[in-house]
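Here the structure is laid out as structure tokens; the discussion comes afterwards.
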Amino acid sequence: MSILIDLRSVIDEGVGASSTIKGNTASVDTKDSDLVNLELGAIHFCCTAPIEYEISFINAGECIQASGKAHADLSTACVRCLRDFDFGLDASLEETYFFKPSEDEHGEPYPLIDESEKVDIEPLLREALLVEAPFAPIHDVDCQGLCVKCGKDLNEDDCDCGNEPDDSHPFAQLKDLVQ
């Protein structure tokens, strides 16, 4: 799926022309979009509402500079206790769209403006959100997690396993160093 933005007015007005687009992904077909379900390694984020964005496009002659911001409401599981939770995520957007094929310093191609003078901003939104997404999301900084022995959620109540580490654990010998 794509979110196509028409840049004809910015292109036709020439160098220095600009336009700001405000929108959201409410009209995006969710079954075909990579924006609904974001993956960061083994962590899965699900958008719970349309992503809102505001992007300014400036004609720089050989390219169009895009900059702006996006906001997404996401849901994921806490890595400590596995409890699902919702949170908001803000991301900055920066991209350069070229009229002719061009590469960055690493040999990666820049996005192109197509023949109809449109650009697809879906990859820009997805990448910006993934950059800002937490690598190890937790629902609360004081989350106690799960008991390593019985699996009980320690945020709800203490378990009966006790505080003694399992002697078969590879780090069990370290308990003697901490007094």
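Scan segment 99-122 for residues that are in a loop (DSSP other than H, G, I, E, B) and within 13 Å of Ala66 (Cα to Cα) and jot them down. Let's see the steps before the verdict.
Initial filter on segment 99-122 (in a loop (DSSP other than H, G, I, E, B)): 99-102, 104-108, 110-111, 113-117, 121.
Once the filter is applied, which keeps residues that are in a loop (DSSP other than H, G, I, E, B) and within 13 Å of Ala66 (Cα to Cα), segment 99-122 yields Tyr110, Pro111, Ile113, Ile121.
Could you list, in sequence order, all residues of segment 63-93 that are assigned to a strand (DSSP E or B) and either within 21 Å of Ser19 (Cβ to Cβ) or among the basic types (Lys, Arg) (or both)? Break it down into steps so the answer makes sense when it comes.
Of segment 63-93, the ones assigned to a strand (DSSP E or B) are 63-77, 84-93.
Passing the criteria: Cys63, Ile64, Gln65, Ala66, Ser67, Gly68, Lys69, Ala70, His71, Ala91, Ser92, Leu93.
Take Ser116 and tell me if it is modelled with pLDDT of 90 or more and either surrounded by 13 or more Cβ atoms within 10 Å (Cβ to Cβ) or assigned by TED's automatic domain parsing to the domain that holds Ala60 (or both).
Values: modelled with pLDDT of 90 or more: yes; either surrounded by 13 or more Cβ atoms within 10 Å (Cβ to Cβ) or assigned by TED's automatic domain parsing to the domain that holds Ala60 (or both): yes.
When the stated conditions are applied, Ser116 passes them.
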**Study point:** Scope segment 140-158; condition at pLDDT 90 or above and either exposed (fewer than 11 other Cβ atoms within 10 Å of the Cβ) or in contact with a Ser or Thr (Cβ under 9 Å, 6 or more places away or on another chain) (or both); matching residues
**Key:** Val141, Asp142, Glu156
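Counting just the residues of segment 98-145 that are of a type in the set (Phe, Trp, Tyr) and touching a residue at least 40 places away in the same chain (Cβ under 8 Å), which one comes out nearest to Val36 (Cα to Cα)? Lay out the reasoning, then the answer.
Residues of segment 98-145 that are of a type in the set (Phe, Trp, Tyr), as a first pass: 98-99, 110, 135.
Cutting the leftovers down to touching a residue at least 40 places away in the same chain (Cβ under 8 Å) gives us 110, 135.
On the way: Tyr110: 24, Phe135: 18 Å.
Per the stated criteria, the residue is Phe135.
Mind listing just one residue for me: the one in segment 2-31 that is of a type in the set (Val, Ile, Thr) and within 13 Å of Ala60 (Cβ to Cβ) and, of those, surrounded by the fewest Cβ atoms within 10 Å (Cβ to Cβ)?
First pass over segment 2-31, keeping only residues of a type in the set (Val, Ile, Thr): 3, 5, 10-11, 15, 20-21, 25, 28, 30.
Pick out the ones that are also within 13 Å of Ala60 (Cβ to Cβ) and you get 10-11, 15.
Details: Val10: 20, Ile11: 16, Val15: 9.
Looking at residues that are of a type in the set (Val, Ile, Thr) and within 13 Å of Ala60 (Cβ to Cβ), I get Val15.
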Practice item. Evaluate the following for Glu105: is it surrounded by fewer than 14 Cβ atoms within 10 Å (Cβ to Cβ), assigned by TED's automatic domain parsing to the domain that holds Ile21 and either of a type in the set (A, V, I, L, M) or farther than 30 Å from Asn155 by Cα (or both)? Key: yes
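Specify which of the listed residues (Ser92, Ser27, Ser75, Ser67) is modelled with pLDDT under 95 and among the small types (Gly, Ala, Ser). Don't jump to the end; show me each part of the working.
Values: Ser92 fails: modelled with pLDDT under 95; Ser75 fails: modelled with pLDDT under 95; Ser67 fails: modelled with pLDDT under 95.
Answer to the check: Ser27.
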Point to revise | Residues located in segment 123-150, provided they are under 30 Å from Leu82 (Cβ atoms) and in a helix (DSSP H, G or I) | key: Leu125, Arg126, Glu127, Ala128, Leu129, Leu130, Val131, Glu132
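The values are calculated or read from the model by the stated rules, or taken from the named source; none is laboratory data. Owing to the predicted nature of the structure, the values given are computational and were not obtained by experimental measurement. Neighbour counts run over all protein chains shown; Cβ positions are idealised from the backbone, glycine included.
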